[in-house]
Each structure stands twice: as C-alpha cells, then as structure tokens.
Amino acid sequence: MALPELKIGRIETFLVPPRWLFVRVETVDGAHGWGEASLEGHAEAVAGAFEAIRDRFLGHDARRIEDIWQIAYRGGFYRGGPVLMSALSGLDQALWDLKGRAAGLPAWELMGGRVRDRIRAYAWIGGDRPDEIEAAAQARKDQGFSAVKMNATAELDWIGTPRLFDEVIDRVRAAQALGMDVGLDFHGRVHRPMAKQLAKVLEPLGLLFIEEPLLSENPEGLADIAGLVSTPIALGERLYSRWDFKPFFEKGAVDIIQPDLSHAGGLSECRRIAAMAEAYDVAVAPHCPLGPLALAACLQLAANAPNVAIQEMSLGIHYNVGHDLLNFITDPEVLTPQDGYLAIPQGPGLGVEIDEAAVREVAKEGHRWRNPIWRHKDGSFAEW
C-alpha cells in the first residue's frame with residue numbers, strides 16, 4: 001500500500017552539546033523524523049545553510065527523498081563542500097527516518113533489506129595527544145571491544161626526529177599486547193617527508209589501517225604511500241560526495257574509505273559511495289566520532305552495504321565532555337555494543353528514539369565547540 005503524501009511543514013535545527021547539530025523535519029500532519037548534520041567546529045555555519053535551503057522544501061512531499069536530495073545538491077548552482085553537504089546530510093537522514101516511521105519499517109528495509117545482523121565496532125583511546133594507552137586499551141577491552149583507534153602523534157613538524165617513531169611504535173604495541181587490533185590516525189598532522197618514513201616503520205606491526213597519512217588534498221602523495229607499504233590506507237572524512245572520492249579510487253590510493261554520513265550527503269549519497277567503492281574492491285568504515293543519530297544512520301548503511309567492514313563510534317571519546325553518545329536517546333540499548341559489535345537497529349526509520357524535550361532544553365544554550373589551535377616550537381601553525 002502506498003504511503004499517503006507527507007507534506008513538509010517545518011524543518012528545525014538544534015545545537016546539541018558537546019558539538020552536534022540535530023535536524024528535525026515535521027510534516028503538516030505531525031509526522032516527524034530526526035537527522036544529524038554535525039560538522040565539528042562549524043555547526044553554526046551548517047545551521048545557517050538551513051536558513052538558505054529551508055524554504056525550498058516547505059510544502060514538498062517528504063516521501064520524495066531523492067528528488068529533495070537532487071534539488072538540495074544541484075538546485076543552488078554552487079554545490080558540494082563541507083557546509084552544504086553536512087546540511088544535506090542531516091536533512092537526508094531525517095527524511096529517511098520520517099519515511100521509515102510512516103511505513104513502520106527500518107530505513108535499511110526500504111533500501112532493499114539487510115545483508116548482516118551486526119557490525120564490528122571500534123572505539124577511541126588516547127586523546128588528542130595520545131598517552132596512557134595501556135590503561136585506555138584495557139578499559140576498552142573490558143567493555144568488550146576488540147579494536148581501537150588512536151592518534152598516531154601529537155603535533156608533528158614538516159621534518160622531525162625519527163626518534164618520535166619509537167614512541168608511536170611503543171603505543172601501538174601496548175594496545176596490541178592486550179590482544180587489541182589497532183587503527184592509527186595520522187589525522188593529517190604528518191607531512192609527506194615524515195609520513196613516508198612513519199608508514200614504513202609501522203608496516204611490520206600489522207595495523208588495521210593507517211588513516212589520513214596525508215591530507216586528502218594530496219592524492220598523488222597518498223597514492224605514493226599506498227604503493228610503498230602493505231598497510232591498508234584509510235581516508236574519507238574530509239570528502240563530501242562520490243565525485244570527491246572518485247580520484248582516490250582511480251589512483252588506487254585508498255583501501256578503506258571513511259565517508260561521514262553527517263558530512264557526505266547522508267544515507268542516500270553514502271550508499272552510492274559504498275557501491276562505487278565495491279566496484280574497486282574497497283572496504284567502507286564510516287567515520288563517526290559524532291552523536292547518536294549519525295551512528296544510527298551508519299548502522300542503516302552497515303545493514304545494507306556488503307562492503308562495510310567496521311564501524312567507528314564515539315562512546316567515551318575525549319570530545320564528549322558533559323554529554324556522551326547515549327544521553328539524548330530514550331533507548332540507549334540500541335546503540336550499546338555487545339562483545340565489540342553493534343546490532344543492526346530493528347526500529348522504524350533510523351531505529352532510535354530521541355528525547356525531544358532534552359534536546360530542546362540543551363539547545364537553549366547550544367554550544368560553540370572549536371578544535372584547538374596548536375603551534376610548533378618555532379611559533380608556526382601546527383595541524384590538529
């Protein structure tokens with residue numbers, strides 16, 4: 001039976017601490033859906049983007065998710081980039097949530113059904129400047145995780161002493177000694193002269209992946225590193241559409257892509273990106289150091305895309321000061337890992353229930369989260 005028309009009557013945004021932006025779409029008949037448009041450090045800009053696009057979709061049929069996506073992406077002439085694509089991501093997620101709720105089905109069911117029952121998850125350890133790795137890894141192991149990710153280094157200059165590499169190796173081995181698989185995030189902090197060396201010395205350690213060994217604006221350098229080491233290369237949190245990912249596939253510069261479902265066009269576009277990756281035999285590990293709606297959307301993708309291999313989650317991450325991943329949902333068990341895995345949600349839409357009253361209350365004050373500004377010893381800017 002066809003769904004009745006779902007005419008959009010209201011689109012709201014909420015700045016939710018510690019650093020998230022939630023989106024709520026409501027129809028004129030009172031049906032609703034939630035999404036997440038979090039763009040770390042730029043939430044206000046994304047909220048401003050909604051001021052620019054909101055009027056295009058009031059009165060539009062919310063069932064027509066792809067039509068809305070195409071208008072939001074192509075209808076303003078200028079397209080792409082982190083701010084617009086994050087706004088589109090949150091809107092897209094909310095529409096899938098709304099449509100699923102109206103149909104009484106999970107989003108993954110509307111997208112063709114699930115290919116798995118659960119997905120392996122990994123958690124963060126070590127903080128911005130990684131330390132106390134053994135204790136942090138043990139705590140994650142006690143939570144049931146078998147995989148963790150940490151920053152490779154603190155700030156690192158263009159050319160530094162290779163002695164720093166010994167510290168990186170020691171931290172990795174401390175986690176591996178506890179039986180943990182380790183992904184190492186270079187975070188774009190390491191420039192090409194050091195990145196080649198660091199990737200090479202880490203190769204014998206058998207890492208899950210090295211993430212952003214160089215920034216994504218350096219595809220040639222990333223392709224060189226991919227040819228230099230056997231360690232899987234992961235990247236993608238700073239890419240925002242299938243067109244952004246295309247050159248990395250073509251150059252063979254990536255083994256695991258990490259699209260963020262709150263940055264890269266939402267569930268609709270990330271499903272297309274995952275299918276594109278599958279054609280190049282590339283795995284997907286969605287980036288998600290964000291809130292509950294972003295993670296719920298990731299799990300819809302994990303349910304439906306066969307090449308999703310592992311899922312990042314922000315439970316207890318060092319950024320979650322004052323509020324954590326499970327604070328704004330009424331059914332926290334849905335996003336609680338068991339034995340290092342997250343179950344595919346069975347509820348309608350994105351499969352989680354938002355505590356609307358709590359969201360509206362904290363949004364009265366909002367947040368103004370910013371990443372730190374670091375400097376090298378000579379006073380010059382250092383990549384965070």
Please count how many residues of the range 107-137 are crowded, with 16+ Cβ neighbours inside 10 Å, in a helix (DSSP H, G or I) and not charged (D, E, K, R). 6
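For residues that are among the hydroxyl-bearing types (S, T, Y) and part of a loop (DSSP other than H, G, I, E, B), scanning just the range 306-360, find the one that is surrounded by the most Cβ atoms within 10 Å (Cβ to Cβ).
Once the filter is applied, the top-ranked residue is S314.
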Quick check: anything in the range 285-301 farther than 15 Å from R118 by Cβ, among the polar types (S, T, N, Q) and either in a helix (DSSP H, G or I) or at pLDDT 95 or above (or both)? no
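Going by the conditions given, is V201 farther than 26 Å from E269 by Cα, β-branched (V, I, T) and either under 24 Å from the mean Cα position of the chain (by Cα) or not assigned by TED's automatic domain parsing to the domain that holds A275 (or both)?
Taking the combined requirement at face value, the residue does not satisfy it.
Of all the residues that make up the range 218-275, how many are acidic (D, E), assigned to a helix (DSSP H, G or I) and either under 17 Å from the mean Cα position of the chain (by Cα) or surrounded by 19 or more Cβ atoms within 10 Å (Cβ to Cβ) (or both)?
Quick first cut of the range 218-275, residues acidic (D, E) only: 220, 224, 237, 244, 250, 255, 260, 269.
From what's left, assigned to a helix (DSSP H, G or I): 220, 224, 244, 250, 269.
Now narrow it down to the ones that are either under 17 Å from the mean Cα position of the chain (by Cα) or surrounded by 19 or more Cβ atoms within 10 Å (Cβ to Cβ) (or both): 244, 269.
Qualifying residue count, the range 218-275: 2.
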Determine whether S146 is closer than 27 Å to T27 by Cα, among the polar types (S, T, N, Q) and in contact (Cβ under 8 Å) with a residue 24 or more places away in the chain. no
Consider E167 against the criteria (1) within 26 Å of the chain's Cα centre (by Cα); (2) acidic (D, E); (3) part of a helix (DSSP H, G or I): it satisfies all of them except one. Which criterion is unmet? (1)
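Just checking, how many residues over the range 1-32 are assigned to a loop (DSSP other than H, G, I, E, B) and not aliphatic (A, V, I, L, M)?
Here is the first cut: in the range 1-32, the residues assigned to a loop (DSSP other than H, G, I, E, B) are 1-6, 17-19, 28-31.
Now narrow it down to the ones that are not aliphatic (A, V, I, L, M): 4-5, 17-19, 29-30.
Count: 7.
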For the range 107-137, the count of residues that are on the phi > 0 side of the Ramachandran plot and in contact (Cβ under 8 Å) with a residue 24 or more places away in the chain equals 4
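Does F145 satisfy the criteria of being part of a loop (DSSP other than H, G, I, E, B), more than 30 Å from D170 (Cβ to Cβ) and out of contact with any helix residue (DSSP H, G or I) (no Cβ under 6 Å at 6 or more places or on another chain)?
For F145, the condition - part of a loop (DSSP other than H, G, I, E, B), more than 30 Å from D170 (Cβ to Cβ) and out of contact with any helix residue (DSSP H, G or I) (no Cβ under 6 Å at 6 or more places or on another chain) - is not met.
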Lone qualifier among E312, E333 - being under 29 Å from A139 (Cα atoms), among the acidic types (D, E) and in contact with a Phe, Trp or Tyr (Cβ under 9 Å, 6 or more places away or on another chain): E312
Filter pass, A174 being in contact with a strand residue (DSSP E or B) (Cβ under 9 Å, 6 or more places away or on another chain) and under 27 Å from K196 (Cβ atoms): no
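The values are calculated or read from the model by the stated rules, or taken from the named source; none is laboratory data. Keep in mind it's a predicted model, so treat the numbers as computed, not measured. Here the Cβ is made from the backbone with ideal geometry for all residues, glycine too, and neighbour counts use every protein chain on show.
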